[in-house]
Amino acid sequence: MLTDLSFAIHITAPIFCILGLGIYFKRRGLITDEFAKTGSELVFKVTLPCLLFVNLVETDFRHLVDTQLFLYAVVATLAVYFLLERLASSRIADHRDRGVFVQGAFRSNMGIIGLAYCLSAFGEKVLPVASIYLAFVTTLYNVLAVMTLTRHQGQETNGKRVQVIINGIVKNPLILAIAAGVGISLSGIAVPRIILNTGSYFAQMTLPLALLCAGAAIRLREFQTSPPLYWGTAGKLLLVPLLITVGGIAIGLRGESLGVLFLMASAPTAAASYPMAQAFGANHYLAAAIIAATSLGSIVSSTLGIFLLRVCNLI
């Protein structure tokens, strides 16, 4: 049991330490708000796409694609979304809080924290599976976020706004990098080594820079204690990972596949939920508080979850 606990701690502790250093460096003035913003943009648009592309382009997907995992992830995300919608309607009085609660509870920060968890747990061999998972579920997240925020703001579907979101999905650098990497891999086209080596240098910057900037972006002052905050945090850290993981166990997922499923689901709320809430006129202060609370709390909940899965010999 101590071995299992040590395994769990070794997965999450490095992520927690770098996030903590991001908070510390921000307080010391070594990282500014502008640096955190620019660094996060660099990660999203350059270094993380390079990481995904370089690792996918030389992967043999003919023998790797875990169809069961990907299909289940989509179905489970949809099921959890509709459950959260029911809870929001019955438990949260303020309409401006409902969509924020739903988005905050189901939308994980998979591209940074989730991917970091997976790499820490299983090494680089898990990256192709985690990347395809990321592409499928990230696309679904964007669609569901628009649905819940539009619905609870009492707005009619705005064609222009939806078109902007669709364009955002189609032009998403992560999805484009994954599509390019998988496409080139399946086509058998040889990528020049100089391109792969250059991409690898950028790729090595990704997780340290992303986690430092994520830590620097956590604003404890934005905590607004309220029932929707407690509900949203509990949903993201406990309810959603529990339901998705139990369902995965029930359909027979084990080992690396189950680990990816749990770690992606247990990652904190995605930072993108804040500007999305702001754009739709929802309670963006609540969105910021949920991001901060889950960013800190997921270290504990993810460690506990990995520990329990190891003790039960499921991963």
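The values are calculated or read from the model by the stated rules, or taken from the named source; none is laboratory data. Note that the structure is predicted; figures quoted are calculated from it, not measured. Glycine also receives a Cβ, built like all others from the backbone with ideal geometry; neighbour counts cover every protein chain displayed.
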Only listed residue being in contact with a Gly (Cβ under 8 Å, 6 or more places away or on another chain), modelled with pLDDT of 90 or more and in a helix (DSSP H, G or I), chosen from 81, 72: 72
Check on residue 50, part of a helix (DSSP H, G or I) and either surrounded by 15 or more Cβ atoms within 10 Å (Cβ to Cβ) or touching a residue at least 12 places away in the same chain (Cβ under 8 Å) (or both): yes
Verdict on residue 314 being out of contact with any Pro (no Cβ under 8 Å at 6 or more places or on another chain), more than 21 Å from residue 112 (Cα to Cα), buried (at least 20 other Cβ atoms within 10 Å of the Cβ) and of a type in the set (A, V, I, L, M, F, W, C): no
Residues within the stretch 85-104 that are more than 15 Å from residue 227 (Cβ to Cβ) and crowded, with 20+ Cβ neighbours inside 10 Å, tallied: 3
Any helices (runs of 4 or more DSSP H) falling wholly within the stretch 201-276 and containing at least 1 residues that are free of Cβ contacts under 8 Å to residues at least 12 places away in the same chain and closer than 29 Å to residue 75 by Cβ: 227-234, 240-250
The stretch 287-315, residues that are outside any loop (DSSP other than H, G, I, E, B), touching a Lys or Arg at 6+ places or on another chain (Cβ under 8 Å) and of a type in the set (A, V, I, L, M): 288, 290, 292
Residue count, the stretch 244-256 (criterion: surrounded by fewer than 21 Cβ atoms within 10 Å (Cβ to Cβ) and either touching an Asp or Glu at 6+ places or on another chain (Cβ under 8 Å) or over 18 Å from residue 115 (Cα atoms) (or both)): 7
Selection status of residue 67, over 22 Å from residue 234 (Cα atoms), surrounded by fewer than 13 Cβ atoms within 10 Å (Cβ to Cβ) and of a type outside the set (A, V, I, L, M, F, W, C): yes
Residues of the stretch 277-286 that turn out to be at pLDDT 85 or above and assigned to a helix (DSSP H, G or I), as a count: 1
Looking only at the stretch 142-180, and only at residues there that are among the polar types (S, T, N, Q), assigned to a helix (DSSP H, G or I) and modelled with pLDDT under 70, the one that is farthest from residue 269 (Cα to Cα): 163
